[in-house]
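**Student:** Have a look at this one.
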Protein chains: 4
Amino acid sequence: MTDSTSASPKPVVLLRPAPQKRDRIFTPEALARLDAAFTVIDLEDAPDDALFEEHLQDAFAIVGQPDLDADRLTRATSLKALINVEGNFFPNVDYGTAFARGVRVLGCGSAYSQAVAEFSLGLALDLARGISGQDGAMRDGSEKYVSESAGDAILLHRAAVGILGYGNLGRSFHRLLQPFHTTVRIYDPWLPPAVIQETGGIPAGLEETLRSSQFLFVFATATADNAHLLDGTALDLLPDGARIILVSRAAVVDYDALLERLQQGRFLAAIDVWPTEPLPKDSPFRGLANTVLSPHRAGGIPQAFHSIGDMVVDDLTLMARGLPPVRLQAAAPELVGRYRNKPVT
Amino acid sequence: MTDSTSASPKPVVLLRPAPQKRDRIFTPEALARLDAAFTVIDLEDAPDDALFEEHLQDAFAIVGQPDLDADRLTRATSLKALINVEGNFFPNVDYGTAFARGVRVLGCGSAYSQAVAEFSLGLALDLARGISGQDGAMRDGSEKYVSESAGDAILLHRAAVGILGYGNLGRSFHRLLQPFHTTVRIYDPWLPPAVIQETGGIPAGLEETLRSSQFLFVFATATADNAHLLDGTALDLLPDGARIILVSRAAVVDYDALLERLQQGRFLAAIDVWPTEPLPKDSPFRGLANTVLSPHRAGGIPQAFHSIGDMVVDDLTLMARGLPPVRLQAAAPELVGRYRNKPVT
Amino acid sequence: MTDSTSASPKPVVLLRPAPQKRDRIFTPEALARLDAAFTVIDLEDAPDDALFEEHLQDAFAIVGQPDLDADRLTRATSLKALINVEGNFFPNVDYGTAFARGVRVLGCGSAYSQAVAEFSLGLALDLARGISGQDGAMRDGSEKYVSESAGDAILLHRAAVGILGYGNLGRSFHRLLQPFHTTVRIYDPWLPPAVIQETGGIPAGLEETLRSSQFLFVFATATADNAHLLDGTALDLLPDGARIILVSRAAVVDYDALLERLQQGRFLAAIDVWPTEPLPKDSPFRGLANTVLSPHRAGGIPQAFHSIGDMVVDDLTLMARGLPPVRLQAAAPELVGRYRNKPVT
Amino acid sequence: MTDSTSASPKPVVLLRPAPQKRDRIFTPEALARLDAAFTVIDLEDAPDDALFEEHLQDAFAIVGQPDLDADRLTRATSLKALINVEGNFFPNVDYGTAFARGVRVLGCGSAYSQAVAEFSLGLALDLARGISGQDGAMRDGSEKYVSESAGDAILLHRAAVGILGYGNLGRSFHRLLQPFHTTVRIYDPWLPPAVIQETGGIPAGLEETLRSSQFLFVFATATADNAHLLDGTALDLLPDGARIILVSRAAVVDYDALLERLQQGRFLAAIDVWPTEPLPKDSPFRGLANTVLSPHRAGGIPQAFHSIGDMVVDDLTLMARGLPPVRLQAAAPELVGRYRNKPVT
């Protein structure tokens, strides 16, 4: 279980984290570790591509998502890793060529998972109990004490929960439910039932999941296939008084249909993602009661950003030792072209 | 593991739930179960004590907390159970006589535990992430997107947590922390360390708990001894930026000292209990940022109230079979005179 | 949350642990703590009752289970606690008088729970996988490698589990199942369904539990009502190839019926308790294959014994402060006369 | 979240599972699912390579580990997946060419994880409590009852645990420890500390892990670098009375040094893997007391074998839909040449 570390020149890392910022994702400690083990070419403030082109041939790794067509990749003869630090894979990279050349294409999506999971649980408990609503009421003096404002409050304990999408986010969130003894139905068309059963969940179709859920958590990535998965017809399957927690992604929901049903009081919702951000000032969502409104805050917290940098340094260190990366996630060649998430700006 | 059920006349239950209400604690199903197995004398609307006195001698159980001096208890020669359905034991009962006569004195405090635990977790996640603050901001159009308003957001995952008071509430809450891999220090002067260690907690003194906690949960019942346990000196031990979640009881905190430190931005707080309720309209707490304000809503939700009725029927049914109660909690003779909690009105 | 400790003379504790031994249940540290806070009258080697009688009137607590009729209890005017350190309540005490006089009657049954739970899980995994059988085979050179001897091996993961009896033992064991994602049916006629549901179990009748369980754990205390609860008719309900783990109590099983079915290969069993102990040398159980045989070893390990002493000292210390005990268990007046467990000799 | 399934001819799967057997890894249901979606060329009984060569060009997937040099891989122009169903990657495949051609190289190692984890826990509880030893004693009439044979029995609850190797096996096992409130130190030189911390473990060096562990679990795969990692010097670091559970791999332990210390009674061990298997009949290990002996039975049980087949069918089905596999594990190009595990014969 040992390995030899070479005494040869330090491998070159091209650092071009935009639209991320270097100092948001790397703590000083992480940067120091990176500098100690690698020759870091910091391109954050580079005025043009000259420096990038100069070092491309020697690059062991590229951190960030610069344009990488087949020509550039072919010239990057030392390249072992291409590390996306933003969370979404965009089509400015010729992924096929990267894979064929044995370049590890790595993503940092899991860095946000715990933050999103905790935020989602917070939204759910807020919706279950009216926390932000009564906080607002206390600020204008209209609060109601004890059980007067708790007529529709419910427990998460032993509730029927539905999860749409069981990737990093869904799994991290599911773990937080463990002490609540909930029944958890999970819909994910990219997964065989066994993956869900092994974690204690119940694999279910979309319709069954919607019909059965007191709490519905939407963690589906946006793809070419699932636009408006939750349209009016789907939303009408939810039981009265259901709680919808919508953190990812806006594209899978028909917001007009959602608004209409929230205005009718059919169910409650906590919404963190919006079809256009910022949400227009005159959006009718802003006046809804029994709704928790959130400006896309589920994932982007300092600990999540810093974990990206830590993951990058940890995995580059492993790769420089000839070991596989273990913290970042390998992009699936089958999926890397399917996502339709927009970059966060 | 079987038992014989007598065919004799049904035992008499005197039902006088004030200040609770019969229909808040008993679902129709629970009332039906109660009526099927017992002769229920419903005193909720009784104009005076005549009916109570008439049936006292035959009563198998009294549900509620009517005045019960030694004389009344001595006349209640069939009495086996006195069941408090409000949550606090008051001194209008001669508990010593009840214990000496072999009357089970039972309380329903655990009915609220899950509700309080979930609410406390909701408050903590709100404080950690600013959920209600940004919900308010979205309603007035001042929200900030993604990381712009998340500079001080933190994870609960692997955080240092302190719990003051490890009774029903503290234990129910602690269970919810299990998936977060937190370090949990617990201060409870009524408990030996082993009780805390067995649950994975770290027994700690008050000072160590305060000094070490990023999240501090106050679940201490009010006693003659712990008034203003959290005074200014104690609060000053907390680390900068700590999150205080205060759900029980107001008497243990010096609110003037708390207010001063919140105004200075020393830490954040979610507050559900208040020295006087309703909180005065002009209370400076109402204008605090970085604070979640809540009008005493942690426990009193429909499921908690209904569980009281279910517990009463379950335990009376067991006792009528000659078995001990298992859902309500036996009052401790040593403590029943110590509590200083006020009734919720 | 503070309390005053009196400076008055130390309370008197009569220590007469037979059939336990003082030094088995008290570590030196525990004895030192006890001596520091109490005047301990050690009666372990007392030749007669003289010393006991001499100190009875002043006794704050009695540790052990000496004969205590109404007369003795009436003379024990300072007595606050009677602490059974053996694990079973016997009829040599007038419990009614003790309760009426406000004496806490405390038992140590929970001291064995973790030991029994872990041992039961060990037996179940042994039965599931044939561990002790192949250990024996390796000792005589008849072992079979890899899958050759694993044809009937099964996982506990996601198995159907039944638990008979949900007291201390059953609950401690149930907690150990949490990571296995099992379906757990629980039969306990002394408990309402809600107690079981709250822990994630499924309340079930005896017949359903037997019919459905791949693993059946017997944790039922012996009572006047449940002798031979598992007779031939009941055992015939089990599915072929079921695994029975029998740790408490022998009286609830018809061993002749059990033997017959084990000889037929109907199911497998791990047996820790026996109708007569030691088991006769010529017992046909000794030759059974696919059975794990154990000489009543589930609970009595050093850590369990020492925890009794620790619990005694912890709770006496609390009681001397005027606080209720929290580690030992209060005997239920309704049950204390029902048990039929025999003392372990 | 939908996808289109092509109506084109069924993809071709070459099935050559040796040294596995088709009917050991595929249940009839799994085979039926495979046949329904794929054209399966069953080569299990093929006398020579003719049939294999005939279909190589059309093969969508190869299940098994036939010789695959660069020439063969180059001719397999439709190949998308090479699925190892034995558990170890051998050098008869030109993995570099496979990766370069975009062929998914998949392994089934995780199929055994739960079986190994449960077996390891069973061994640990046996060692902690002497289960198989006393089972043997009951068979020859030398058993000792209750505490007479439990003088060195210990709990797993709150014990200090060490884990060497934190791959599939170590992680599956670690999950089973969750209810025991253990302190878990983990040594794995291929992992950065954060991977271990996120699961609640304590990353530790080899020496610290050995010095601190009452229970030591060896789950390390054999590599060119870790032969005799546990030599006499390392074993001497263990505390007296430690329990060693050795399930993977024999090559990492110096068995002579282990034997010597077991004979001296320095610690206890449960051993499932051996330098040569079968273990020689006259091996002195066979006579050791306080040792649990096991003939390489940790993983190879029917449910584990069947899960291989289920994983193969699940993942091939996903890949035929254009989705990535999610149940089998992608081989790491960096590691596929490093392993030194021997095939199980």
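The values are calculated or read from the model by the stated rules, or taken from the named source; none is laboratory data. Remember, predicted model here, so these are calculated numbers, not experimental data. With ideal geometry, Cβ positions are generated from the backbone for all residues, glycine too; neighbour counts draw on all protein chains shown.
For every residue, the table says whether it meets (1) under 24 Å from the mean Cα position of the chain (by Cα); (2) within 30 Å of C:Ala150 (Cβ to Cβ); (3) of a type in the set (Asp, Glu).
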site: C:Ser248; (1), (2), (3): yes, yes, no
site: C:Leu279; (1), (2), (3): yes, yes, no
site: C:Pro302; (1), (2), (3): yes, no, no
site: C:Arg321; (1), (2), (3): no, no, no
site: C:Leu335; (1), (2), (3): yes, no, no
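**Student:** Shifting gears a bit: Could you list all residues from segment B:263-275 that are under 24 Å from B:Glu118 (Cα atoms) and either surrounded by fewer than 17 Cβ atoms within 10 Å (Cβ to Cβ) or not small (Gly, Ala, Ser) (or both)?
**Tutor:** Correct list: B:Phe267, B:Leu268, B:Ile271, B:Asp272, B:Val273, B:Trp274, B:Pro275.
**Student:** Let me ask something else. Only one of D:Glu148, D:Glu118 is at the interface with another protein chain (Cβ under 8 Å from one of its Cβ atoms), of a type in the set (D, E, K, R) and more than 20 Å from D:Leu316 (Cα to Cα); which?
**Tutor:** Every option except D:Glu118 fails the conditions.
**Student:** Find the residue count for segment B:165-187, including only residues that are within 12 Å of chain C (Cβ to nearest Cβ) and among the polar types (S, T, N, Q).
**Tutor:** Matching residues across segment B:165-187 total 2.
**Student:** Can you name every residue in segment D:313-335 that is closer than 14 Å to D:Ile83 by Cα, touching an Asp or Glu at 6+ places or on another chain (Cβ under 8 Å) and of a type in the set (D, E, K, R)?
**Tutor:** D:Arg327
**Student:** Within 14 Å of chain A (Cβ to nearest Cβ) and among the small types (Gly, Ala, Ser): does that describe D:Ala289?
**Tutor:** No; evaluated as a whole, the condition is false for this residue.
**Student:** Related question: Out of C:Ala153, C:Ala159, report the one residue that is assigned by TED's automatic domain parsing to the domain that holds C:Ala289, under 13 Å from C:Leu177 (Cβ atoms) and either surrounded by fewer than 24 Cβ atoms within 10 Å (Cβ to Cβ) or charged (D, E, K, R) (or both).
**Tutor:** C:Ala159
**Student:** Among the residues of segment A:216-223, is there at least one that is closer than 21 Å to A:Val184 by Cβ, among the hydroxyl-bearing types (Ser, Thr, Tyr) and either more than 12 Å from every other protein chain (Cβ to nearest Cβ) or touching an Asp or Glu at 6+ places or on another chain (Cβ under 6 Å) (or both)?
**Tutor:** No, that holds for no residue.
**Student:** Acidic (Asp, Glu) and touching a Pro at 6+ places or on another chain (Cβ under 9 Å): which single residue out of B:Asp42, B:Asp69, B:Asp126, B:Asp49 fits that description?
**Tutor:** Only one candidate qualifies: B:Asp49.
**Student:** Which residue, of A:Val63, A:Val85, A:Val105, A:Val40, is surrounded by fewer than 22 Cβ atoms within 10 Å (Cβ to Cβ), touching a residue at least 60 places away in the same chain (Cβ under 8 Å) and among the aliphatic types (A, V, I, L, M)?
**Tutor:** One residue alone meets the criteria, A:Val105.
**Student:** Also, I was wondering about something else. If I ask for residues that are within 9 Å of another protein chain (Cβ to nearest Cβ) and under 12 Å from A:Ser110 (Cα atoms), which ones from segment A:311-333 would you list?
**Tutor:** A:Met311, A:Val326, A:Arg327, A:Ala330
**Student:** Among the listed residues D:Ala251, D:Ala257, identify the single one that is on the phi < 0 side of the Ramachandran plot, surrounded by fewer than 22 Cβ atoms within 10 Å (Cβ to Cβ) and in contact (Cβ under 8 Å) with a residue 60 or more places away in the chain.
**Tutor:** The unique qualifying residue is D:Ala251.
**Student:** Can you name the residue in segment B:80-105 that is away from chain C (no Cβ under 13 Å) and under 11 Å from B:Val63 (Cα atoms) and is also farthest from the chain's Cα centre (by Cα) among such residues?
**Tutor:** By that ranking, first place goes to B:Leu82.
**Student:** Still on this model: Filtering segment C:204-227 down to residues that are modelled with pLDDT of 95 or more and loosely packed, with under 15 Cβ neighbours inside 10 Å, which residue is nearest to C:Pro275 (Cα to Cα)?
**Tutor:** C:Glu207
**Student:** Within segment C:121-145, track down each residue that is facing another protein chain (nearest Cβ under 7 Å) and of a type in the set (D, E, K, R).
**Tutor:** Matches in segment C:121-145: C:Asp126, C:Arg129, C:Asp135, C:Arg139, C:Glu143, C:Lys144.
**Student:** Would you check if A:Ile131 is over 20 Å from B:Ala270 (Cβ atoms), buried (at least 23 other Cβ atoms within 10 Å of the Cβ), free of Cβ contacts under 8 Å to residues at least 40 places away in the same chain and not basic (Lys, Arg)?
**Tutor:** When the stated conditions are applied, A:Ile131 does not pass them.
**Student:** Something else about it: Output the number of residues of segment A:18-37 satisfying the condition of being more than 14 Å from chain B (Cβ to nearest Cβ), in contact (Cβ under 8 Å) with a residue 60 or more places away in the chain and either in a loop (DSSP other than H, G, I, E, B) or within 27 Å of the chain's Cα centre (by Cα) (or both).
**Tutor:** 6
**Student:** C:Tyr95 passes all but one of (1) in contact with a Phe, Trp or Tyr (Cβ under 7 Å, 6 or more places away or on another chain); (2) surrounded by fewer than 23 Cβ atoms within 10 Å (Cβ to Cβ); (3) aromatic (Phe, Trp, Tyr); which number fails?
**Tutor:** Going through (1) in contact with a Phe, Trp or Tyr (Cβ under 7 Å, 6 or more places away or on another chain); (2) surrounded by fewer than 23 Cβ atoms within 10 Å (Cβ to Cβ); (3) aromatic (Phe, Trp, Tyr) one by one, C:Tyr95 breaks only (1).
**Student:** Can you tell me how many residues within segment A:282-335 are within 18 Å of A:Ala115 (Cβ to Cβ) and in a helix (DSSP H, G or I)?
**Tutor:** Final tally of qualifying residues: 11.
**Student:** Something else now. Pick from segment C:151-164 the residues that are small (Gly, Ala, Ser) and without any contact (Cβ under 8 Å) to a residue 40 or more places away in the chain: which of them is nearest to the other protein chains (Cβ to nearest Cβ)?
**Tutor:** Ranking the qualifying residues of segment C:151-164, first place goes to C:Ala153.
**Student:** Return yes or no: is D:His181 surrounded by fewer than 19 Cβ atoms within 10 Å (Cβ to Cβ), assigned by TED's automatic domain parsing to the domain that holds D:Arg129, in contact with a His (Cβ under 8 Å, 6 or more places away or on another chain) and not hydroxyl-bearing (Ser, Thr, Tyr)?
**Tutor:** yes
**Student:** Among the residues of segment B:228-241, what is the count of those that are surrounded by fewer than 22 Cβ atoms within 10 Å (Cβ to Cβ) and at pLDDT 95 or above?
**Tutor:** Final tally of qualifying residues: 9.
**Student:** Still on this structure, please answer the following. Which residue pairs have Cβ atoms under 8 Å apart, sit 6 or more places apart or on different chains, and have a first residue in segment A:188-202 that is within 7 Å of another protein chain (Cβ to nearest Cβ) and a second that is among the basic types (Lys, Arg) and outside any helix (DSSP H, G or I)?
**Tutor:** Within 8 Å, the pairs are A:Pro192/D:Arg327; A:Ala194/D:Arg327; A:Val195/D:Arg327.
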